Every structure is written in structure tokens, then in C-alpha cells.
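Trainee: I'd like to ask some things about the structure below.
The values are calculated or read from the model by the stated rules, or taken from the named source; none is laboratory data. Computed from a prediction, not measured in an experiment: that's the story for all the values here. We place every Cβ from the backbone using ideal geometry, glycine too, and count neighbours over all the protein chains shown.
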Amino acid sequence: MGQTLIRFAAFIMVACLSVAGSAQAGGSEDRVIALLAKKTSAVEKQGYGMSHAPYVDKLSGGKDELRLTLQRDVEYTIIGVCDKECGDVDIRLYDENNNLVDEDVSANMTPTVRVNPQWTGRFTVQVEIYRCTRTPCYYAVGILAK
């Protein structure tokens, strides 16, 4: 639990610094970090905490994958966000056997998937960006657990 609090405190510190930096530099990466912090705070009120470091990257459309280990019998919520240049971002979660576990493919910029794995193993979060109006589009993924 102590490591989770340290990770979350570091995440919030980065998000706060990013908000200040984005006001000066206008960086899309900073904006998605701040947006992810805002979106995850609502889930944290439900008893979740950051279980993995936030993942931030950019795409000019297309797909990207993030591989991570999830623990058995732990409830996870995975949230994605995309910058204002992005028209839609989807998330799909696959288990180590490449079975689709959950997906949010609705037309939105903040997809959410949930899982409570029956075993500890490697999972893949696939992020797909549509309608990137000015490339690259920045996105972030937060993994929360309770």
C-alpha cells in the first residue's frame, strides 16, 4: 500500500507541474497527463488507487500496445485519455492468450475497461486513435486497482 501511495503522490506532482507547464508551453503531453489525473481522481473516490505508473505516448492514428502484469483477484479499472486533437480513442484489453477481456470502442476520448483477473499474468492494453486532426495525438493510460 505504501508503494501505491508513493506512486500516486508522484503522479499528482507530475500532473500539477504539467498543468503549470502546459499553460506556458502549450504541450499536449502535459495536457493528457493533467486530464488523466482528473479522470482517475473520480475512480479513486470509489476506493481505487494507481497500481502502475501512468503510460503516456503519441500516435498519428493507428494502434499502440502496452503490456503489463495484473494480479489475480484484484479489481482493475483502466482509463484512457486523448488530447484535444484526437476525435476518438478506443481501448481493448487482452489476456496472455490473446483473448479479448473487455473493450471500450464507443466514440469518446476517455475510454474505460475493467477486469478482475482469475490468474496473475501478462495482459495487453491496445490503444487505437481515430481522427487525429493534428499529428501527433498524445494519449495517456492509467491503471487503477482495489
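Trainee: Does Glu85 count as surrounded by 13 or more Cβ atoms within 10 Å (Cβ to Cβ) and touching a residue at least 12 places away in the same chain (Cβ under 8 Å)?
Mentor: Spelling it out, Glu85 is indeed surrounded by 13 or more Cβ atoms within 10 Å (Cβ to Cβ) and touching a residue at least 12 places away in the same chain (Cβ under 8 Å).
Trainee: Right, something else. Within the range 108-143, track down each residue that is closer than 23 Å to Met50 by Cβ, over 17 Å from the mean Cα position of the chain (by Cα) and either among the basic types (Lys, Arg) or assigned to a strand (DSSP E or B) (or both).
Mentor: Correct list: Gly121 only.
Trainee: Given the criteria surrounded by fewer than 17 Cβ atoms within 10 Å (Cβ to Cβ), among the charged types (D, E, K, R), assigned to a strand (DSSP E or B) and modelled with pLDDT of 95 or more, does Arg92 qualify?
Mentor: Considered against the rule, which asks whether it is surrounded by fewer than 17 Cβ atoms within 10 Å (Cβ to Cβ), among the charged types (D, E, K, R), assigned to a strand (DSSP E or B) and modelled with pLDDT of 95 or more, Arg92 comes out as no.
Trainee: Could you count how many residues in the range 30-53 are part of a helix (DSSP H, G or I), surrounded by fewer than 21 Cβ atoms within 10 Å (Cβ to Cβ) and not hydrophobic (A, V, I, L, M, F, W, C)?
Mentor: 4
Trainee: I'm trying to understand the selection: among the residues of the range 49-84, which are touching a helix residue (DSSP H, G or I) at 6+ places or on another chain (Cβ under 9 Å) and either farther than 10 Å from Tyr139 by Cβ or aliphatic (A, V, I, L, M) (or both)?
Mentor: Gly49, Met50, Ser51, His52, Ala53, Pro54, Val56, Thr77, Ile79, Val81, Lys84
Trainee: Something else about it: Which of the residues spanning the range 55-75 are hydroxyl-bearing (Ser, Thr, Tyr), assigned to a strand (DSSP E or B) and closer than 24 Å to Leu35 by Cα?
Mentor: Step one: list which residues in the range 55-75 are hydroxyl-bearing (Ser, Thr, Tyr), which gives 55, 60, 69.
Keeping just the survivors that are assigned to a strand (DSSP E or B) gives 55, 69.
Across the range 55-75, the qualifying residue is only Tyr55.
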